[in-house]
Each structure stands twice: as structure tokens, then as C-alpha cells.
Amino acid sequence: MDIATIVGLILGIASVVGSILAGGTLAAFIDVASVVVVGGGVTAATFIKWPLAQIKTLPPVCMKSIFNEAPDPLQVIEKIQSLAEKARKESVFALENEPVEDEFMQKAVKLAADNRPPEVITSILQLEIDALGERHKSGIAILKGVAEDGPAMGMIGTLIGLVLMLQNLSGGPDELGKSMAVAMLTTFYGAVLANMFAGPIANKLAFYSELELLKMNIIIAGVLGIVAGENPRVIREKLDSFLPPGQRTKEE
Amino acid sequence: MDIATIVGLILGIASVVGSILAGGTLAAFIDVASVVVVGGGVTAATFIKWPLAQIKTLPPVCMKSIFNEAPDPLQVIEKIQSLAEKARKESVFALENEPVEDEFMQKAVKLAADNRPPEVITSILQLEIDALGERHKSGIAILKGVAEDGPAMGMIGTLIGLVLMLQNLSGGPDELGKSMAVAMLTTFYGAVLANMFAGPIANKLAFYSELELLKMNIIIAGVLGIVAGENPRVIREKLDSFLPPGQRTKEE
Amino acid sequence: MDIATIVGLILGIASVVGSILAGGTLAAFIDVASVVVVGGGVTAATFIKWPLAQIKTLPPVCMKSIFNEAPDPLQVIEKIQSLAEKARKESVFALENEPVEDEFMQKAVKLAADNRPPEVITSILQLEIDALGERHKSGIAILKGVAEDGPAMGMIGTLIGLVLMLQNLSGGPDELGKSMAVAMLTTFYGAVLANMFAGPIANKLAFYSELELLKMNIIIAGVLGIVAGENPRVIREKLDSFLPPGQRTKEE
Amino acid sequence: MDIATIVGLILGIASVVGSILAGGTLAAFIDVASVVVVGGGVTAATFIKWPLAQIKTLPPVCMKSIFNEAPDPLQVIEKIQSLAEKARKESVFALENEPVEDEFMQKAVKLAADNRPPEVITSILQLEIDALGERHKSGIAILKGVAEDGPAMGMIGTLIGLVLMLQNLSGGPDELGKSMAVAMLTTFYGAVLANMFAGPIANKLAFYSELELLKMNIIIAGVLGIVAGENPRVIREKLDSFLPPGQRTKEE
Amino acid sequence: MDIATIVGLILGIASVVGSILAGGTLAAFIDVASVVVVGGGVTAATFIKWPLAQIKTLPPVCMKSIFNEAPDPLQVIEKIQSLAEKARKESVFALENEPVEDEFMQKAVKLAADNRPPEVITSILQLEIDALGERHKSGIAILKGVAEDGPAMGMIGTLIGLVLMLQNLSGGPDELGKSMAVAMLTTFYGAVLANMFAGPIANKLAFYSELELLKMNIIIAGVLGIVAGENPRVIREKLDSFLPPGQRTKEE
């Protein structure tokens, strides 16, 4: 679970809700028609913009960025080193029953234990990397689209509210004030959706995507080294070079 | 028929109309002069921006993105494989009478059945691909232009309405409110046109264009394989490599 | 004469004027001081931004894009083919007295008829192409600058009007309304200037520029073919490859 | 002196001042606190953004773009040709006492007359070109920053004014109007600063910079030709190729 | 200590505070709930956007840009030259006890005095350069994000304030004015945060980062020269070529 994302989401909601409660009640900020026009409008624009197949991949991709732990390349490297040592002492086939948590690494280890040739291992795993990269990229693009559509649909909703209000000014100032407050809610919803959720999550997703793909590339390189029967220390050194320096100096 | 686009368009219109009906009547949102200034202005800008030949290709291109089914490269590959098998068993000339739904594939198959040399097949079909790609690109550019002009013309219309209203404040607040409501309609029209129609459709079009060109390239590669008398299984493998991994894993 | 540009300009003006007349009189939208601040401001910014030599080329470049016919590369190719046939039957020198409408083609043909070596023909004509390309590019950049300055100067004018109005609120609401209406006129002028004229014309200009340079390159290639004594049919084929596929399929 | 820049600056100021005087007095547009918040804010942002060394080069760079004449490459070429002819007739050493107005050309000629080897001449002069190019680039970047900061600081000032006004609504409408007018002045100042001065001058500077560097490169090439004892006519032809075609056709 | 940054920060705060005090009291511009929504919102967005590891590097990076002196490459070169001279006269091992202020240079000199081979020196130091460059890059990206989030969160806060105010118009105009003033404070905070702090500091940071990395590269090149036993004068010349010409001409 990515702590920063959770902290950010809670802090963001707390800031907005706290600020509302300091001056009034939450009820004043909930309006079904406004939710419908912003939510419906953004969903509509997303459906027109992208094919269904692409849209369907969004929710799992988002959930992962919130609830999954960021892959730690260092830990991955250490696991591979221990697998390499085992393969050295016993044999590559001994990896068959080795418990591997990471799903992708498990697949890679199984391919190695099955004695598949390196080209086959590379091409099968590379395909998976490409597919994941594509899924991530399309998820990020959709979220960025939502971050653009939110304010736009908010403005459309506010325009609807203002036109309705201006058409009927017969009520007293109190009633007009309430109508105008409701009209502004859609702009508020759109701004919160874009700037507190869609935009920032797209940013984190892009970060995670890079890390995930890095991890997968480390695993491929490591398993190829194991298959080639390389010295575990040599494998470790090779994999270390995948790490950005900031990662290496983290333990300082 | 692209379901996502249809769903999106209906959902978008429903959100806006529903939100209007929840607080008033649709009639309050229809004003002929406002439609004229936004519609006329956007059309005018489009005519000044682009040559007539380019503009004329827009409506069919748009319609296609809404009503045509997205080409399914997988299905195309399977069809080509079956054609390759038939050509293997009988001969390339047997493809002459083979029923082929896709217009472009039909043309390609006919060229093959006519025993035209590969270079000729490639150059004739490539020309068609280039022409379609260009038509798509220009359609997307025009739609993006409309998405920019919509809000601009909306603002011009609102300015006209406000100036007219401010010139004559003698009416009571009721009348002023109605004038101002009308003045804001053009901004509303422009925002809806840009954010619910032109912008998102341009996005989907760009997606479809890529898919369509991919399909055409698959067809060329397949037909060249058939003409060269390659093994249908080999052809299938070659064509599979055209598919983005996301497409291949779709059936999972 | 480019019909689309003319139609666009007329339609744009008609939309705005019609929308004004539907609710008031044109007189309410004409204010000398507002015209001065927007027109003067945009002109001033243009003069500071660009050297005089560049600015002077703008009016003829604009006029051309409105009143000149778009060059039709197909027609140019046909003319060159007929010249090539004449040169074949008689001799290159016979082109001397051949009537050629297009100025650039005339120059090219004269160079050919003067028996100048191909390198000289190329370098002389290329220089002219470069000069025209540069003139177009600078005209487009200036127009895009005007499209940015229009709204900015409009806002400055509106701020002036609002400050003046707010300094003297003693008049009745009628008078205030009129002052505010006038203050908004500069924003209106700036928006119309940018979105109905400068921006779209810059777009069309960019399109024309490409077409004009294409035409010139076709002429150079054609004349070099004539000078080299190539077969008119070969020349035609070579020149056809210059055409974008969209152009070739136009006659379908 | 660059006439276009001067004309533009005068016209811009005249448009704004004239528009103000047409409806009120200049005094209403001068407010010390507003000048302080915009001027101070923009200066502050500039100081935070850039190191002192960079900022110090801005004023002379700006002044040059206003008061210096644009370098005329043609004139430079002619001067070099006459120097080349003199060097041919007499000797390179005779250039020692030749009066040369342009500072950079004088330095170049002196290096030639001192019989320095070509590599030394090139490296010394190239260093100066790089230093000037860098100075220009940083001046343009700072001005573009000012053009962004102006409106931002203007908005901050207006927010301050509005908050102050809203905190104390007890005055009559006249007083409120005046407070609001003052609040809007900062936005006015920022818009004028950005759109009439900083932005356009940055544009002209970029243009001048290119011309100045072109001139310097012409001088290096010319002096190297003189040092190599090349024919003045050959030198002229070589230098002519530096000119953009638009420059060559200027005399038409 | 970077004087320009300090001067800029003080001048910026002074301009804003001075402008406030000229018309009212600072107290009117401090509102806890507004600080919470902007500060909390921006922090929240930053936490969602970036992983914790990245965010933690921001404060030290910022502090450095404010309180550290800009590295002066010239001074670094002079120090290296004196070290080179000492190494020449005595030996590389004599550098062991030479006092070196700069931390990175000390590390480099120690590696040289330890007689480590050049490749090892290069790879160890290069790793540090990469890590610092990455830390800087991520710090700049986070600050640019803050400069975007500030105004967005300010707008969200203002919308909350306006909705609350409009929901309850029963107070007199005085009370409404105060509510509206408070509502605008968040926009004010966001604008100041973005345009006076986050944005400009990101700019200075980018500048410093380049200078710091330049300094480090100079040190590597210099120490490699010392290790190779090169002539101090030769080393000096080589290092001078690292300086941008603007740096060299500073002493003129």
C-alpha cells in the first residue's frame, strides 16, 4: 500500500471537508443534480474519447496505484541473487519449487526451471512487459483526460445553474443566493475531481509504471543470468546497474 | 457501431438535459440568435481556416467514427488466414470469387487474384492507405479547431448579449435576468460543443485512424504473403506481430 | 479567389452583425476610443515585436490568401506536360514564345529556353522559393501574434473603461450600464479580431504556403526534366509523385 | 535606432493614454501602492528566478534593442569586400590603420593585421560570439519571465485591493467604486507591462540576436578569407550565401 | 548565501505586506481555515503525485538554493590548479592532508591520494553526480507541481467560501463583505505561493543544479589530470574550456 497516496487522499479530503465544516455543513455541498451533470458529463466525454476496451483497464490500474505497494527494485534484486545462489548450488531445476511472491518473477522462474531457451524466455516475458506498459499508458492518458474534463463539465453545470437562476429572479435574495450556491457546486466538484484526484493520481501512476517496468526488466536480466549459469555475484552487479543512483544511496 | 461513442453521446446529452429539467424547462436553453452566432461563427472560422476540399471530408469521417464498427484486427487476421489456406489448397486465382466483406481487403484480394506483381500491389494499396491517413488527419485537425472555436464564439456571443443588455437597463430585474440568461447561452453552447462533441470525437477519431491504418497494413502484409505462396501458419505468425500486446491478451 | 475564405469571412461577419441586430443596433457596438485602444495597441505590439521589413510583407501576403486562387498542382503538372511535349517535338528553344500564365513557371521556362545549365536553373529558382517561404512564415508568425495581442489589448481597454466607470459612480444605473457596455466593447473587438480574422487567416495562409511551395517544387522538377530531354510521360509520372494522395483522389 | 520599436512604444503608450484621457484623467490611473506591488513583485520574482550576474545584463541588452540600429548584414559584407580589396592591393598589414566602425569587426581586422593564425582568430572571435549569444538568450528568458509575472502580480495586487475593500463596506457606493477602481489598477499595470513591453521586446530581441550573431559570423568568415588571401569577389560570393533570401531581395 | 534569492524573497514579501498595510491591517489577510485548505490541499496533491522518497529530498534541496552560495566554477578551477601544483612538486600522496573545503572535491582528492585507478575514481564520482542530478530534477518537478496546485487549491477554497456565503445571505452587507473577503484569501494565498515562491525557486534551482553539476564535472576532469601527472598549466587550460564564455568575461 502506497502510504504517500493514502496520506495525500486523506489529507486532501480532510482539508476540504474541514474547511467546509469550519463555516457551514457538508449538506450544503451535496447536490444530486450537480453530481449528475459533472459525473455524467465526465463519464460521457471519457466514453466518447476512448474505446471500451481501454476504459475497462482504468479501475484496476488506479486501484493498484493506491493499494499496491510500490515495487522495491532492491528487494527484487536480492531475491534474484538468492535464487541464483540456489541454482548454483543445486541446479536450475531446483527453482521449480522455490516460493516466489511476485507473480511476474514466478512466471520467469518457472520458464527457467522448465529449461526453456533464453530467446523464448525473453520474448514471452517481453510481451507481458509491453502489454502492461500499454495498459499503464492508456490509464494515464484517460486520467489526464478526466482532469481536463472535470473543470469543463463543472463550468457547463454552473452555466446551466446560472441561466436557470437568471430566468427566474422573482424569489428573494435568500433564494437567489441558494440557487447561485448550487450553481457553483459543479465548478467545485470539477475542480476537486481534477486537482485532487485525477491529475495527481495520473502523476503517481506514471511514476509507478516506470518502477514496475524497471522491476520486470531487472527480473528478465536476472533470470537470463541464472539460465546462463552466471556467478550470483556477477548477476548482482549487473542488476545493480539498473538501479537509479537515488535508489542505491537510499540506505545512507 | 462503436458502442462507447453512442453511450457517451447519449449519456452526455442526458446529463445536460436532465440537469436542466431538474431546475427548469429546455425551452429556456434554446435561443435562435445564440445558436446562429455560435454555429455561424464556428462554421465561419472553419471555412476561413481550411480549404473547401478538406472541410468536405469531415462529415463522412465523423459519421464513420460514430456508426462504423471499430475494425477488429484479430478478425482481419483470421480472415486472411482462411484466404491463405484456400490459396494454398486451390490456387491464388481461386480467391477471385471468395466473398470478402471489407472493401480494402477485397481490393487487395482482387489484385492478388489478378496475379499482379507484389510491388504493384504494395504501391496501389499504400496509396490508398496514405490517402485515408491524410483524410483522417485533416478531419481530426478540423475537429480540434472546432473545439477551440466553440468557447471563443460563445464568449463573443455572450459579450454581444451583455453589451446589448447594459445599453438598456430600463427594464425591471426580471427582464434583465432573462437578458443575461440569454447572453450566457452562447457560452454554454460553445462549452458543450467543444467539451462534449468536437474534442472527444477528435480523440476517438485519432484512435480509430490508427486502428484502421493498422488493419490496412495487416491486409497488405497478409496478401503479399499469400502471393508469395507462404505457409498460412507462417503468415498468421507474421500478422500476429502487428497486434499490440493489449489486443492479444484481450481474450484472457 | 478562395471561395471558402470569402464565404467564411462573410458568414462570420453576418453571424455577429445579425446577432447584434436581433437585439439592438450596430451603433451600440461602435466606439471610436475602443477601436483606438485595441487597434493602436495591437499595431504597437506588432511594431515592437517585428522589424519593419517583416511587417511590410504582411498585407500583400494576407490579400493573396483571400483573393488569389489556391494553386492547383494538378493543373501545373498538366501545363508542364504540354510544355514537355512541345519541347520534345520542336526543341527547348521553342518554349521561349510559349504563353505561360504562372509567373514562376514563366521564369523557369525562360531559363530553360535560354539553355542555362540545370544547376543554375535550380539555384536561381530555389532562391525564389526560399524567399517566398520565408515571407510566408513571417506573415503567419505576425498574424499569430495579432491573434494573441487582440484579446490582451481588449482586456487592457476593458480595464481602462471599468476603472473610469468605477471612479465616477454618481450617474444613475442607466449611465453606468452604458459605460460598462462601452468598457466591454474592447474585449469584444479583441475576441473578434483574434478568433474570426487573425487566427483563422494564419491557418489558411499556412495551408496555402505549403501548396504554393509544392507547386514551385513541381515546376523546378518539371523544367529540369524538360531540359534533360526526358520523355513527357516520364516527367508526368515523376511529377505525379509530388501530389499528396488526397489530391489524386479528388476527381473520384 | 530601430524605428519600428520606437514607433511601437510611442503608439502603444499613446493608445492607452489617449483612451484614458478620452474618458477621464491620467491621475486616476496612477496609484503608488499599486505600482509598488506590481513593480516590487515582478522584480522580486525576477531576483528569485535568476542569479544576479544574469539580471545585470538585462538593461544594456534591452536598451540596445531599442536604441541601436539593427545590424545590416549587407553593409557589413560591403565593408569586408572593400577591406579585402585593400588587403589585396597593399597587404593584410595595411588594414591596421583602416577605420572600422563596428567594434567586433575592428577586433577581427586587428587580429588579421597582427598576422595571427586563422585558428587563433576563429577561437578568439567565436568566444565573443558565444558570450553575446548567451547574454542575449538570458535577456530574452528574463523578459519572457517578466511577461508572465506581470499579470500574476497584477492579480495578487487586485486580490489585496478587493479583500481590503470587502472588509470595509461601510463607505457609500462612491467610495467603494474608487476602492475597486484602485484594486483593478494592478491588473491593468501587469497587463500593460506584459503585453506592451516585456513580451514584445523579448520578441524583437530574439530577432536582433539572430541578426547580430549572423553579422558576427559573416565577419569571421570574411576575415578568414582575407587572411587566406582569397579574391575579394570570391569572398563576396561566399558571404552573400549567409544572407537569408529575404535580405537579398530587399532592394527589389 | 545567494543574495539575489534572499533579496527577491524579502522584496516580494515587503511588496505584498507593504501594499496590505497601506490600506488595512495584516490581520485581515490571515485566516486559519484558508491556510488549511490551501496548505493542506497542495500538500495532499504533492503526496498523491510523488512517492515519499522523492518528497523527502525537497526541503534540503530548497534550503540549499536559498542559503548555499552558488558554486563558483572559477574558484574551483583555481583550487584544483593549486592542488595540481602541489602534486607536481611533492607527489599525489601529499594531497592526502591538503585542506579542501568542498565536500565533493575532498572525496575526489582522497580517491586520488589513495592511488585509485582513474576508472574507479570516475565511476565512483559519476555515481554521485547522477544521484545529485536526479535529486535536483525531482525537486524542481515537485516545486513546479506546487506552482500549479497553489492556484487550483486557492480556487477550490474560494468556491467553498462563496458557496457558504451564498447559502446564508441573511447578514447585512458588512458581514457579507467580510465573508467574501475571506473567500478570496485562498485565491490570494495560492497565487502568492505559486508566483512568489514555488515557481521562481524552481527556476533558480534549475540554474543552480546546472552550475553544481558543472562544478562536479570540472572536479572530476581536474583530479583525473592530477592523477595522470599532467602539467598544472595544461590542466588549467582544459578546465577553462568548461566555463561558459559569460563566466570568463565576468571579470572584464
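The values are calculated or read from the model by the stated rules, or taken from the named source; none is laboratory data. Source: prediction; values computed, not measured. Ideal geometry is used to build each Cβ from the backbone, glycine not excepted, and the neighbour counts take in all protein chains shown. Ligands, DNA and RNA are stripped out before the accessible areas are found, and what is left, the full protein with its side chains, is counted by its heavy atoms. Shrake-Rupley method; radii C 1.70, N 1.55, O 1.52, S 1.80 Å.
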Q: Sort A:M184, A:M153 by accessible area with a 1.4 Å probe, largest first.
A: A:M184, A:M153
Q | Heavy-atom accessible area ranking, 1.4 Å probe, most first, across A:F242, C:F47 | A | A:F242, C:F47
Q) Rounded to two decimals, what is Rg over Rh for the range D:144-190 when you use alpha-carbon atoms and the Kirkwood radius? A) 1.11
Q) Dipole size in debye (nearest 20) for chain E around its Cα centre, Lys and Arg Cβ +1, Asp and Glu Cβ -1? A) 240 debye
**Q.** Shielding by other protein chains, C:135-148, mean Cβ within 10 Å
**A.** 1
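For the protein assembly as shown, what ratio Rg/Rh do Cα atoms give with a Kirkwood hydrodynamic radius? Spell out each step's value before the answer.
On the way: Rg = 35.3 Å, Rh = 36.0 Å.
Here Rg/Rh amounts to 0.98.
Within the set of other residues whose C-beta is less than 12 Å from the C-beta of D:A113, count the net charge using Lys and Arg as +1 and Asp and Glu as -1. Mind dumping the intermediate values first?
Values: positive: D:K86, D:K107, D:K110, D:R116; negative: D:E90, D:E96, D:E98, D:D114.
Here the count lands on 0.
Residues of the protein assembly as shown: accessible area per residue at 1.4 Å, in Å²?
Details: 56390 Å² over 1260 residues.
Ligands and nucleic acids excluded, the result is 45 Å² per residue.
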Q.
Multiplying the sequence separation of A:Q75 and A:D114 by 0.36 nm and subtracting their Cα-Cα distance, what value in nm do you get?
A. 11.6 nm
**Q.** Surface accessible to a 1.4 Å probe, B:C62 within the full protein complex, Å²
**A.** 20 Å²
**Q.** Residues of the range E:4-44 buried by at least 30 Å² on assembly (accessible area, 1.4 Å probe, chain alone as reference)
**A.** E:A4, E:G8, E:L11, E:S15, E:S19, E:A28, E:F29, E:A33, E:V37, E:A44
Q: Divide, for chain B, the radius of gyration over alpha carbons by 2.2 N^0.38 Å, where N is the residue count.
A: 1.41
Q. Can you give the charge dipole size of the range C:1-83 about its Cα centre, rounded to the nearest 20 debye, using +1 on the beta carbon of Lys and Arg and -1 on the beta carbon of Asp and Glu?
A. 280 debye
Q: Given a cut-off of 25 Å, name the pairs among B:K64/C:K137; A:K137/A:K215; B:K56/C:K215; B:K49/C:K107 whose C-alpha atoms lie farther apart than that in the structure shown.
A: B:K64/C:K137; B:K49/C:K107
Q. Going by alpha carbons, how many degrees (0 to 90, nearest 10) lie between the helix axis of C:173-192 and the longest principal axis of chain C?
A. 10 degrees
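How many square angstrom of accessible surface are buried between E and A, both sides summed, with a 1.4 Å probe and rounding to 100?
Values: alone 14450 and 14470 Å², together 25740 Å².
Between E and A, the summed buried area is about 3200 Å².
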Q | Average beta carbon contacts from partner chains per residue of E:193-202, 10 Å cutoff | A | 4
**Q.** Ranked by how many other beta carbons lie within 10 Å on average, peptides A:4-17, C:158-171 from highest
**A.** C:158-171, A:4-17
Q: Any chance you could give the angle, 0 to 90 degrees and rounded to 10, that helix D:103-113 forms with the longest Cα principal axis of chain D?
A: 20 degrees
Q. Ignoring ligands and nucleic acids, what accessible area does C:D130 show with a 1.4 Å probe (Å², nearest 10)?
A. 70 Å²
Q) Carbon-plus-sulfur fraction of the accessible area of the protein assembly as shown, 1.4 Å probe, in percent? A) 61 percent
Q | Reach of C:K89 by Cα under 16 Å, taken over lysines that are not fewer than 8 positions away in the same chain | A | C:K79
**Q.** Volume of the Cα convex hull of the range C:113-246, divided per residue and given in Å³
**A.** 128 Å³
Q. Shape call for the range C:1-115 from the C-alpha gyration tensor, a ≥ b ≥ c root eigenvalues: rounded (a/c under 1.5), prolate (a/b greater than b/c) or oblate?
A. oblate
Q. Which Cα, out of C:Q81, C:F29, C:A14, lies furthest along the positive dipole direction of chain C (beta carbon charges, K/R +1, D/E -1)?
A. C:F29
Q.
Over the range E:90-135, what portion of Cα pair distances is larger than 12 Å, expressed as a whole percent?
A. 62 percent
Q: Calculate the radius of gyration of the Cα atoms of the range C:46-91 to one decimal place, then report Dmax, the largest Cα-Cα distance, as a whole number, both in Å.
A: 18.9, 57
Q: Could you pull out every one of the lysines with an alpha carbon less than 24 Å from that of A:K178, ignoring same-chain neighbours closer than 8 positions?
A: B:K178, E:K178
Q. Taking the Cα centre of the range B:121-244 as the origin and placing charges on Cβ (Lys, Arg +1; Asp, Glu -1), which of B:A206, B:L166, B:I220 is farthest toward the positive end of the dipole?
A. B:I220
Q.
Can you compute the modelled spin-label distance between D:E175 and E:E103, with each label point 7 Å from Cα toward Cβ, in nm?
A. 5.8 nm
Q) When the helix-only estimate is applied to chain B (DSSP H runs of n ≥ 4, each -39,500 (n - 2.57), divided by the residue count), what is the mean residue ellipticity at 222 nm, nearest 500 deg cm²/dmol? A) -25500 deg cm²/dmol
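With +1 on each Lys and Arg Cβ and -1 on each Asp and Glu Cβ, how big is the dipole of the range D:1-149 about its Cα centre, in debye rounded to the nearest 20?
Numbers: 13 positive and 19 negative charges, 56 e Å.
Rounded to the nearest 20 debye, it is 260 debye.
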Q) Just how much of E:K86 is accessible, in Å², when a 1.4 Å probe is used and the result is rounded to the nearest 10? A) 60 Å²
